[in-house]
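The values are calculated or read from the model by the stated rules, or taken from the named source; none is laboratory data. From a predicted model like this one, the values you see are computed outputs, not experimental measurements. Glycine gets a Cβ as well: all are built from the backbone with ideal geometry, and neighbour counts include every protein chain shown. The protein model used for the area step is the full one, side chains on, heavy atoms only, and it has no ligands, DNA or RNA in it. Shrake-Rupley method; radii C 1.70, N 1.55, O 1.52, S 1.80 Å.
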Amino acid sequence: MAGMCLLMLKTNICKVEFKNPVIAASGTFGFGEEYSAFYDVGRLGGICTKGLTLNKKEGNKGIRLHETRAGLINSIGLQNPGIDCFIENELPKMKKMNTVIIANLGGGSIEEYAEGVKKLSESEVDMIELNISCPNVKSGGMAFGIKSETAFEVVSKVKGYCKKPLIVKLSPNAENIVDMAVKCCEAGADALSLINTFKAMAIDIYKRKPVFDNIFAGLSGPCIKPIALRMVYEVCKEVNVPVIGIGGIESFKDAIEFIMAGATAVEVGTANFINPMVCLEIIDGIKKFMEDEGIKNIEEIRGIARR
Amino acid sequence: MAGMCLLMLKTNICKVEFKNPVIAASGTFGFGEEYSAFYDVGRLGGICTKGLTLNKKEGNKGIRLHETRAGLINSIGLQNPGIDCFIENELPKMKKMNTVIIANLGGGSIEEYAEGVKKLSESEVDMIELNISCPNVKSGGMAFGIKSETAFEVVSKVKGYCKKPLIVKLSPNAENIVDMAVKCCEAGADALSLINTFKAMAIDIYKRKPVFDNIFAGLSGPCIKPIALRMVYEVCKEVNVPVIGIGGIESFKDAIEFIMAGATAVEVGTANFINPMVCLEIIDGIKKFMEDEGIKNIEEIRGIARR
Amino acid sequence: MQLSYKSCKVAENINLSEDIYKLKVEGDYDIKAGQFFMIKSLNEEPILPRPISVHDFEEGYVSFLYQKKGRGTSIMAKLNVNDEIKLTGPLGNGFDAENIKGKIAVVAGGIGIAPMLYTVKSLKNCDIDLYVGFKDEVYEVDEFKKFVSNIYIATESGKYGYKGYVTDIFSPFEYNAVLCCGPEVMMEKVVKVCRDYATPIFVSMEKHMACGIGACLGCTCETKDGNKRVCKDGPVFYGRDVFINA
Amino acid sequence: MQLSYKSCKVAENINLSEDIYKLKVEGDYDIKAGQFFMIKSLNEEPILPRPISVHDFEEGYVSFLYQKKGRGTSIMAKLNVNDEIKLTGPLGNGFDAENIKGKIAVVAGGIGIAPMLYTVKSLKNCDIDLYVGFKDEVYEVDEFKKFVSNIYIATESGKYGYKGYVTDIFSPFEYNAVLCCGPEVMMEKVVKVCRDYATPIFVSMEKHMACGIGACLGCTCETKDGNKRVCKDGPVFYGRDVFINA
Ligand SMILES: Cc1cc2nc3c(=O)[nH]c(=O)nc-3n(C[C@H](O)[C@H](O)[C@H](O)COP(=O)(O)OP(=O)(O)OC[C@H]3O[C@@H](n4cnc5c(N)ncnc54)[C@H](O)[C@@H]3O)c2cc1C
Ligand SMILES: Cc1cc2nc3c(=O)[nH]c(=O)nc-3n(C[C@H](O)[C@H](O)[C@H](O)COP(=O)(O)OP(=O)(O)OC[C@H]3O[C@@H](n4cnc5c(N)ncnc54)[C@H](O)[C@@H]3O)c2cc1C
Ligand SMILES: Cc1cc2nc3c(=O)[nH]c(=O)nc-3n(C[C@H](O)[C@H](O)[C@H](O)COP(=O)(O)O)c2cc1C
Ligand SMILES: Cc1cc2nc3c(=O)[nH]c(=O)nc-3n(C[C@H](O)[C@H](O)[C@H](O)COP(=O)(O)O)c2cc1C
Ligand code: FES
Ligand code: FES
């Protein structure tokens, strides 16, 4: 019985096998270590690492977090130890976690992305998620995530060096999300994940200035779900690669909505902060929903809302 | 003292005088009559009418409202009695409300918009708000609100017939909100208002299909505020016409944030449903904030977060 | 007309049966049978108030009978005595109690019984029979005894009364008018049978609501005269105006 | 290490002074002085839990002393006995109580007194003096009497003790170490004067937090060794490592 349950949640993305379709989203789960204090992270479908860059980054100054109604604005700024340090110190620990490891890669130039992809291709990560959508640093790649042509360029280039399945992570700030998705596929993306955070801001009315030093920062959390779901639905209709749905997922119901919109898997971000056990609760919830509804294989409901 | 308080909130948009910068947003306040049962709507800065079209519209079928985390998705579909009926039956009552009356105009074609503007120009409305951004009907104008060039065309055409101050209401679904704003100003917009609702969706996981008959519908409410504020901030930096800030405003703090971002006034929509007295509470809150902070005239803080 | 939006104190909030609760709040209003209030707790979520019918009204206290369904009613179920909630209302047209006369049938499905207690109390000089259907558990029916002549109960499980639907045991024969509230399928059936007997029937409709006062056009229901707002033009309609094809 | 996220029952939640509350919850933990919990009510909003220091801990009960500030603490202030809340923790490094010896000064500003009660209880074989500054009202100081030798109070209004800031009356002269918690400007001043006397000083830092466990990098503070996470690498730091320019 337990075996059957596991079977029915099994998911494949680009020939990589996931125990279930629930993945921890980049930047919200560190390198998996912290959440291992709560539960066996090997029960997750996969883990996306904190966004990595070629060289170590200290991240942004000033306030980095601001809570809003059902949301969180963050201005972390891709603080990370750099790819080499990641491969040396973090990856070996992650490989022991017994789940799919996805390296999230940021960059400031096509060359930097290419260099990063080369290094990660030689490492033991299972997949690479190309972050062309971080609104929090000039060199975070969001510039690449706005116009489809620019994205096409960076993805094509990177693809040439990439020996791992390449997921391209899209920004909701893209001028046209569907066109962006199509162009990234044309450029060689093996899969897509969407969405990253919305460009947003807050003003401290007593200080009379923006809360964040960078003025703008990225909005995530339950508040963005209805827009994220719409984008995933629209994209799934137009592309043939697997799509990973992201944005405000905090319950199994949200996850099922994304799957019914056509997503192959989902990533859970901000909700980990609301409830550190949330990923497990989502996995169990999906399982129970399928049992209650008599769904034997998750394929039965994937994209069903589009029919 | 009361006189002074009133003075410090007075706001001008295109030579039309507003008692204060708080306006009821289109589609959330009917034609003002319903809220008159709670308070004297003459205390508002202004009222935007429900979206009008040349001919009567029955609106959309199926579920029209779906609540989300800190938000509301609506699919009303511009149900309205048509411009002639509005001018004959509603406008005379509205003119007695002793506040600025803004006619919100939707349309399905440039010709329809032009015809509507002509009729409203001959009426007693104080201003026209051109809604090129309703995501809920094919003929709601959102198509005009996505690409700047299309918007330029419709606004230029309409402007030729418009004898009232023309506010153009922008969609957050625009490919590039700043470019859109600039183009609309070039085309002759006397003022801008933003934002309308986000294109969004929800799926009923038990019925395995989208909640709305139209699949997509418009997201509003507190959840969208951080994105709306960012867009208003960006637009205010690039245009010289007055900007009316809209999106998730539910407290005087939110209103002040938009004003500090550069907005001349604000529109309050969904929050009226949360608390029917909210517009008055916002007006009183702004007044008190200004007293507490020693601000004599609202001009002192307009756009101050941009400096 | 002047409408009120105000804080009211919870006087009682009790669990009657599985997911059925009765909430009593302090408040003095001028209420017509079949009207409702928009109820919002002080929590930030959910953002929208929920429409709940007046179940009963006695000097200084309004009662509501509600079923715990989702986010809004779950929060209501947690209210304690002396907590404050926000009430907007009374709203809607209500039943035209003044003009309803003679032998009357009240037909309710499940929680559709909620608006009917204050309604039967408000009908003067009428001879009323209550027909009510439940899934399994029966609740609140005893409260009606003083005000009606006969009570007919159906349960789907057969636990009490007739085993089956209330529509199986109801016939409009002999009644001057029928008042009906419940799931749409059930109301449609009742409207149909009333048509056969040419008996006037009033139904209380339910739609998702945002404003509750007629401003947002979110709660429209199609009628033979075009779209009507359930919150303002309803919730009570002539059965045949809304169930056009019944 | 195993971390817990669990529901705990409120045993007490009392208002001590204007906006200061004391919350006691059931829970059994292994806690170090200076550690904190992430606290979340069952309400959907605000979505993030709030970091609150352990104020006291006795078999089976954890106490928190908190100031009502915004959305999160306002909801905490409304908690009733037997309500459930979610606690994650204990979190952070805490004070290294084992290795703190001799004559110790604890310097607290306002609600910065919160982590200090359990801290003074945890310091073994130390001779402790408490210096504490308030705006106007004095609270919770009596609880310290059993555990410290001297208490020095400053209030900005002059209502109790010295009129002015606690930094005016504190000198590190004679102390082996200083433990400090309060507003950053105050901590910076204390670090500065400790530098002059070469007295070791430990400060408890405060930043907005999301995860509370080191995963989001939202709470970083700059130190002489680069960015550190207040929630995981702190909240306790060597004063001179964080107030580099003091
Ligand atoms: C005029 C009127 C009077 C009503 N009187 C009563 C009453 O006296 N007692 C009572 O228990 N209920 C009554 N209802 C229904 C009640 O409003 C809904 O059950 C309630 O809003 C559900 O809210 P929720 O947050 O618990 O559920 P949600 O989480 O919002 O939704 C739970 C389920 O209820 C559906 N739903 C949500 N809102 C409504 C709505 N307004 N109408 C219909 N379905 C809805 C959702 O689609 C979902 O299937 C009345 C409704 C109307 C329109
Ligand atoms: C390790 C640690 C231990 C703490 N221990 C205690 C304690 O024992 N007692 C106590 O009263 N407070 C303590 N605090 C501070 C407490 O976390 C904040 O006061 C609380 O989060 C404010 O939440 P709120 O929702 O009420 O206010 P909000 O509405 O979130 O904000 C109110 C004000 O507080 C600021 N603020 C919000 N969150 C934080 C934060 N995490 N740190 C600093 N400022 C913030 C906001 O910018 C705003 O100015 C501690 C903070 C940390 C980091
Ligand atoms: C604190 C924080 C840090 C993030 N860092 C990254 C990052 O480094 N790389 C990335 O691609 N996305 C990053 N994201 C975006 C998330 O992975 C996710 O796309 C987004 O938050 C939307 O999902 P959610 O609403 O479930 O959080 C970050 C999000 C948060 C909240
Ligand atoms: C129920 C509803 C109906 C609306 N109808 C219109 C409309 O007819 N015309 C229009 O320009 N905007 C319409 N809007 C958009 C609002 O005017 C406003 O731009 C939007 O809701 C964002 O503001 P808010 O978050 O304060 O609601 C509608 C919004 C809602 C919620
Ligand atoms: S709920 Fe708004 S019109 Fe009925
Ligand atoms: S709060 Fe997330 S790292 Fe400290």
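Quick notes on this structure:
- Residue match in segment D:73-86 (condition: part of a loop (DSSP other than H, G, I, E, B), small (Gly, Ala, Ser) and more than 14 Å from chain A (Cβ to nearest Cβ)): no
- Segment B:51-78 residues that are within 13 Å of chain A (Cβ to nearest Cβ), paired with ones that are open to solvent by less than 30 Å² (accessible area, probe 1.4 Å) and aromatic (Phe, Trp, Tyr) (beta carbon under 7 Å, 6 or more apart): B:Ser75/B:Phe212
- Selected residue (criterion: farthest from ligand 5 (Cβ to nearest atom)) from residues of segment A:37-50 that are more than 17 Å from A:Leu120 (Cα to Cα) and facing chain D (nearest Cβ under 9 Å): A:Ala37
- Filter result (touching an Asp or Glu at 6+ places or on another chain (Cβ under 9 Å) and within 30 Å of B:Leu72 (Cβ to Cβ)) within segment A:68-110: A:Arg69, A:Ala70, A:Ile73, A:Ser75
- Whenever a residue of segment C:27-48 is under 30 Å from C:Leu123 (Cβ atoms), its partners that are of a type in the set (Lys, Arg), lying with C-beta atoms within less than 9 angstrom and at least six residues away or across chains, give the pairs C:Gly27/C:Lys6; C:Gly27/C:Lys9; C:Ala33/C:Lys121; C:Met38/C:Arg50; C:Met38/C:Lys86; C:Ile39/C:Arg50; C:Ile39/C:Lys86.
- Meets criteria (buried (at least 24 other Cβ atoms within 10 Å of the Cβ), over 30 Å from A:Arg306 (Cβ atoms) and either of a type outside the set (S, T, N, Q) or within 13 Å of chain A (Cβ to nearest Cβ) (or both)) for B:Ala265: yes
- A:Pro210 being facing chain B (nearest Cβ under 9 Å), open to solvent by 10 Å² or more (accessible area, probe 1.4 Å) and either within 17 Å of the chain's Cα centre (by Cα) or free of Cβ contacts under 8 Å to residues at least 24 places away in the same chain (or both): yes
- If the condition is being in contact with a helix residue (DSSP H, G or I) (Cβ under 7 Å, 6 or more places away or on another chain) and more than 16 Å from ligand 4 (Cβ to nearest atom), then segment B:253-285 contributes B:Met260, B:Gly262.
- Criterion: assigned to a strand (DSSP E or B) and open to solvent by 20 Å² or more (accessible area, probe 1.4 Å) - qualifying residue of C:Tyr160, C:Tyr139, C:Tyr175, C:Tyr152: C:Tyr152
- Subset of segment B:72-105 [within 15 Å of ligand 4 (Cβ to nearest atom) and under 30 Å from C:Arg50 (Cβ atoms)]: B:Leu72, B:Ile73, B:Asn74, B:Ser75, B:Ile76, B:Gly77, B:Leu78, B:Gln79, B:Asn80, B:Pro81, B:Glu90, B:Asn104
- Within segment A:158-204, being of a type in the set (Val, Ile, Thr) and either in contact with a strand residue (DSSP E or B) (Cβ under 9 Å, 6 or more places away or on another chain) or surrounded by 21 or more Cβ atoms within 10 Å (Cβ to Cβ) (or both) holds for A:Val158, A:Ile167, A:Val168, A:Ile177, A:Ile195, A:Thr197, A:Ile203.
Quick grid of which residues meet (1) over 17 Å from D:Ser149 (Cβ atoms); (2) among the aliphatic types (A, V, I, L, M):
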{"residue": "D:Glu84", "(1), (2)": "yes, no"}
{"residue": "D:Thr88", "(1), (2)": "yes, no"}
{"residue": "D:Leu91", "(1), (2)": "yes, yes"}
{"residue": "D:Ala97", "(1), (2)": "yes, yes"}
{"residue": "D:Lys101", "(1), (2)": "no, no"}
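- Residue that is within 16 Å of ligand 2 (Cβ to nearest atom), within 26 Å of B:Asp204 (Cβ to Cβ), open to solvent by less than 40 Å² (accessible area, probe 1.4 Å) and modelled with pLDDT of 95 or more, where the choices are A:Gly245, A:Gly221: A:Gly221
- Members of segment D:19-59 that are at positive phi and either within 16 Å of ligand 3 (Cβ to nearest atom) or open to solvent by 20 Å² or more (accessible area, probe 1.4 Å) (or both): none
- Here A:Ser26, A:Ser36 are screened, and the one residue that is assigned to a helix (DSSP H, G or I) and either in contact (Cβ under 8 Å) with a residue 24 or more places away in the chain or open to solvent by 50 Å² or more (accessible area, probe 1.4 Å) (or both) is A:Ser36.
- Restricting attention to segment D:95-122, the residues that are modelled with pLDDT of 95 or more and either surrounded by 22 or more Cβ atoms within 10 Å (Cβ to Cβ) or β-branched (Val, Ile, Thr) (or both) add up to 17.
- Out of C:Cys211, C:Cys221, C:Cys216, C:Cys231, one residue alone is within 30 Å of C:Tyr5 (Cα to Cα) and in a strand (DSSP E or B). It is C:Cys221.
- Where a residue in segment C:189-209 is more than 23 Å from C:Arg229 (Cα to Cα) and of a type in the set (Ser, Thr, Tyr) and its partner, wherever it lies, is part of a loop (DSSP other than H, G, I, E, B) and open to solvent by less than 50 Å² (accessible area, probe 1.4 Å), with Cβ under 6 Å and at least six apart: C:Tyr197/C:Pro172; C:Thr199/C:Pro172; C:Thr199/C:Tyr175
A quick yes/no check of all residues on (1) touching a helix residue (DSSP H, G or I) at 6+ places or on another chain (Cβ under 7 Å); (2) of a type in the set (A, V, I, L, M):
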site: D:Asp129; (1), (2): no, no
site: D:Phe134; (1), (2): yes, no
site: D:Val141; (1), (2): no, yes
site: D:Val178; (1), (2): yes, yes
site: D:Cys181; (1), (2): yes, no
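- Filtering segment D:210-227 to residues that are away from every other protein chain (no Cβ under 11 Å) and either in contact with a strand residue (DSSP E or B) (Cβ under 7 Å, 6 or more places away or on another chain) or within 16 Å of ligand 3 (Cβ to nearest atom) (or both) leaves only D:Thr223.
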